[in-house]
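The next block holds one structure in the form of structure tokens; read it before the comments.
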Amino acid sequence: MTAAKVLNMNSRTVKVTIDDKEVELPAFKGTEGEWAIDIATLRAKTGYITMDHGFMNTGSCTSSITFLDGEQGILRYRGYPIEQLAEKSNFLEVAWLLLNGELPTQSDLQNFDRQIRSRTNLPPPIFNMISTFPKNAHPMAILGSVTMAMSGFYGNFPEQNFSKEQMTDLFATLMGTIRQIAAVTYRHTASKNFVQPNRDLDYCSDFLNMMFGGNGYKVDPEVAKALDLLLILHADHEQNCSTSTARLVGSSQASPFAAVSAAVAALWGPLHGGANQAVLEMLEEIKNDGGDYKKFIAMAKDKNSTFKLMGFGHRVYKNFDPRAKIIKKACDNVLAKLGVNDPLLGIAKGLEEAALNDSYFVERKLYPNVDFYSGIIYRALGIPTNMFTVMFALGRLPGWLAQWKEMIESSNTKIGRPRQIYTGETSRDYKKRS
């Protein structure tokens, strides 16, 4: 494959030779210097499709929302480094940035905050729906089901051709209601009475109030700040499994509630959003075995062992996860501030230290990732393990919505429909089996 001709600095054509037949395909460059070959016409020209299990090297769209460089450990939202946003911004400001492309003015942010506060008011049938789930139902099952059901109560949103005002209203509605759904789901599964929102509190403080309020509970500003940071770090992450799912469902012009519900379902898996829950379950396993984390480090290095060290390494990052660097510092601060004395957290810190200083993990770049530290912080904040993935969903919601918005507004959007290579039986005649 060689460049045939350069059209301009950002586009060219490339030649592909298959079975002695040479075809030209367009290629283009993104703003960060990445090149892509457009293979949409490859099958029509050659009879071939490309195969890429797990989409290891397949682009599904162009996007101006998030830039990620796994080799260099870079993550930027709309061009802003995650390190700067974590230090200087807050979750609602980041949500606005993802949704609209620019940081909000003070007036924008105040109006957005006011709209979200006014939307924290679930329809009574939604409370009833949550109450019908078994107490031992996984919170993600409730969140996904109820999010889909919300479309029946908010049918005033169009399926397409949103005005700017309608789009902002939709974002505020989802960010306000899903936050309350998450809190009500926790209270239900914990057999506790629901706590009404307090609209005098900021976004994260009110969420903590709805989660843990009552009996004289007061929101600790440091805890709310730690939660706000976690939500910022989870807000978007390019074309991951759940985001791609939201885009794929949205490409059929389904309701945005359906796209978000589908994203929740995709996030649930232990290889995606459920990873931080898997970290804590691993720590429980180590604790129940006597707490000797060095034994499990050895098992992780043993080719004959089935044990897998959860929360280390990343599909995309081949360097240290930039979010993990930020969250590690926050984790240390939160644990020190709260004075938490938890044997699981002691095991986690031992695993972290051992892995960071073991040549086996260092050479393979198997560093602790954001899921490792987020699970530890959620544990310290008193959030139960089965709620961890719900917390991830709460943070990722603005990213899903921003990606969905970008997709429906693009002139290049077509309904998602991957190809396949069939490997089953060839044509055969019907015959009953005895």
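The values are calculated or read from the model by the stated rules, or taken from the named source; none is laboratory data. Everything quoted here is computed from the prediction, not taken from an experiment. Cβ atoms come from the backbone with ideal geometry, glycine included; neighbour counts cover every protein chain shown.
Quick notes on this structure:
- Residue check, THR41 exposed (fewer than 11 other Cβ atoms within 10 Å of the Cβ), out of contact with any helix residue (DSSP H, G or I) (no Cβ under 9 Å at 6 or more places or on another chain), hydroxyl-bearing (Ser, Thr, Tyr) and outside the structural domain of THR245 (by TED's automatic domain parsing): no
- For PRO368, the test of being in contact with a Lys or Arg (Cβ under 9 Å, 6 or more places away or on another chain), outside the structural domain of GLY101 (by TED's automatic domain parsing) and in contact (Cβ under 8 Å) with a residue 40 or more places away in the chain is passed.
- Single match in VAL146, VAL94 (criterion: under 21 Å from LYS225 (Cα atoms), in the same structural domain as ALA258 (by TED's automatic domain parsing), β-branched (Val, Ile, Thr) and modelled with pLDDT of 90 or more): VAL94
- Test: residue in region 355-365 that is in contact with a strand residue (DSSP E or B) (Cβ under 9 Å, 6 or more places away or on another chain), farther than 30 Å from THR245 by Cα, outside the structural domain of SER252 (by TED's automatic domain parsing) and at pLDDT below 85: yes
- Scanning region 45-59 for residues that are among the hydrophobic types (A, V, I, L, M, F, W, C), surrounded by 10 or more Cβ atoms within 10 Å (Cβ to Cβ) and within 18 Å of SER242 (Cα to Cα) returns a single hit, PHE55.
- Applying the criterion of being hydroxyl-bearing (Ser, Thr, Tyr) and touching a residue at least 24 places away in the same chain (Cβ under 8 Å) to the residues of region 39-88, the residue that is farthest from LEU25 (Cα to Cα) is TYR77.
- Residue count for region 240-267, restricted to those that are surrounded by 19 or more Cβ atoms within 10 Å (Cβ to Cβ) and under 10 Å from the mean Cα position of the chain (by Cα): 7
- Flag for MET407 being over 17 Å from ILE232 (Cβ atoms) and touching a Ser or Thr at 6+ places or on another chain (Cβ under 7 Å): yes
- Matching residues, region 191-239, being at pLDDT 95 or above, under 26 Å from the mean Cα position of the chain (by Cα) and small (Gly, Ala, Ser): SER205, ALA235
- Test result for ASP38, more than 26 Å from ALA402 (Cβ to Cβ) and of a type in the set (Asp, Glu): no
- Matching residues in region 366-393 - criterion: being at pLDDT 90 or above and assigned to a helix (DSSP H, G or I): ASN386, MET387, PHE388, THR389, VAL390, MET391, PHE392, ALA393
- Any chance LEU397 is under 17 Å from the mean Cα position of the chain (by Cα) and either buried (at least 19 other Cβ atoms within 10 Å of the Cβ) or modelled with pLDDT of 85 or more (or both): yes
- Members of region 199-209 found to be touching a residue at least 12 places away in the same chain (Cβ under 8 Å) and not in a helix (DSSP H, G or I), listed by number: ARG199, LEU201, ASP202
- In this structure, ILE178 does not satisfy being under 22 Å from THR389 (Cα atoms) and more than 23 Å from the chain's Cα centre (by Cα).
- Residue in region 148-165 that is of a type in the set (Phe, Trp, Tyr), over 23 Å from ALA246 (Cα atoms), buried (at least 17 other Cβ atoms within 10 Å of the Cβ) and more than 18 Å from the chain's Cα centre (by Cα) present: no
- Lone unmet requirement of (1) within 28 Å of GLY152 (Cβ to Cβ); (2) in a loop (DSSP other than H, G, I, E, B); (3) among the hydrophobic types (A, V, I, L, M, F, W, C) for VAL219: (1)
- Pairs meeting the criteria (first residue in region 259-272 and within 13 Å of PRO139 (Cα to Cα), second residue at pLDDT 95 or above and in a loop (DSSP other than H, G, I, E, B), beta carbons under 9 Å, at least 6 apart or on different chains) are TRP268/HIS138.
- Some residue of region 324-334 being within 30 Å of THR62 (Cβ to Cβ) and touching a Lys or Arg at 6+ places or on another chain (Cβ under 9 Å): no
- Positions within region 7-46 being within 32 Å of the chain's Cα centre (by Cα) and basic (Lys, Arg), in sequence order: LYS29
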